[in-house]
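Here the structure is laid out as structure tokens; the discussion comes afterwards.
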Amino acid sequence: MYILAFETTGAFASAALADEKGVISYVQGKDRFSHLQNLMPQTEQVIHEGGITLKELAAIAVSKGPGSFTGIRIGVSSARALSQALDIPCVGVSSLEALALNAAAAAEEGALICPVLDARRSQVYGGGYLIKDGFPEEIIKAAPYTIEEFMGKVAEYDRILMLGDGTDACGEIIEKLRPAGRETAKEAVRYQKADSVARLALKIFREEGGVPYGRLQPEYMRVAEAERRLAEKRKAQGKGALQKEEK
């Protein structure tokens, strides 16, 4: 059984190939937000290095979000297209849960692993996980938070390990709110990687199977900035029209 995995929710696209024993091939791009250019060549590379053909794949896995809206769309669309073309199922993986798996080996026993992704304006997509039987178990609900809200959620835990690009964007606020009992994961495991998506997808596929390509849905966690502005503009236009009618 082989699973091909995509990770496009962060700055660097990556792909991985795994079998029942684990990841056998992995490649990550070096150009920031060049997912469209990189993902298919990366796919060809990991398939070639794995010594298989696309027809031998059992499933396509993808990090479905949260994260970069454009990146999520590219990854999910690519997974759907291959799933449809090869007539095999998809496995959607939470980017936060996969990111927590990055740090499973590096975290102190009992430490809460806290992946936080930059959602701009001092907001993050975050969650809290403890490692159980080698995999993350959600303790604090994965959701959008202000960084202050999230740090309040984890305040009761003595030791936390933080990772994700939210630690870069909100580093000063995090340091102010949590000067002690906190560690930031090393760069090698701090950001999203397709090999963790592949490992988590293997577990999900064994336990739950996959879904048809039409049922694979992105997990944005909130509306895009452009959609929010459009909604506000329409609301303002609606109020303006109503005021004119009242006059």
**Request:** Could you tell me whether any residue of region 60-70 is of a type outside the set (Phe, Trp, Tyr) and surrounded by fewer than 19 Cβ atoms within 10 Å (Cβ to Cβ)?
**Result:** yes
**Message:** For the structure I just gave you, tell me whether Val46 is in contact (Cβ under 8 Å) with a residue 60 or more places away in the chain and either assigned to a strand (DSSP E or B) or open to solvent by less than 10 Å² (accessible area, probe 1.4 Å) (or both).
**Reply:** no
**Message:** I'm trying to understand the selection: among the residues of region 4-35, which are open to solvent by 10 Å² or more (accessible area, probe 1.4 Å), in contact with a strand residue (DSSP E or B) (Cβ under 9 Å, 6 or more places away or on another chain) and part of a strand (DSSP E or B)?
**Reply:** Asp19, Val23, Ile24, Tyr26, Val27, Gln28
**Message:** Under 9 Å between Cβ atoms, which residue pairs at least 6 apart in sequence (or on different chains) link something in region 4-26 that is closer than 21 Å to Ser68 by Cα with a partner that is basic (Lys, Arg) and in a strand (DSSP E or B)?
**Reply:** Thr9/Lys64
**Prompt:** What number of residues within region 72-98 are of a type outside the set (S, T, N, Q), touching a Ser or Thr at 6+ places or on another chain (Cβ under 7 Å) and either under 24 Å from Val189 (Cβ atoms) or open to solvent by less than 10 Å² (accessible area, probe 1.4 Å) (or both)?
**Reply:** 6
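The values are calculated or read from the model by the stated rules, or taken from the named source; none is laboratory data. Source: prediction; values computed, not measured. Note: ideal-geometry Cβ built from the backbone for every residue, glycine included; neighbour counts use all protein chains shown. Protein only, heavy atoms only, side chains kept; ligands, DNA and RNA dropped before computing areas. Shrake-Rupley method; radii C 1.70, N 1.55, O 1.52, S 1.80 Å.
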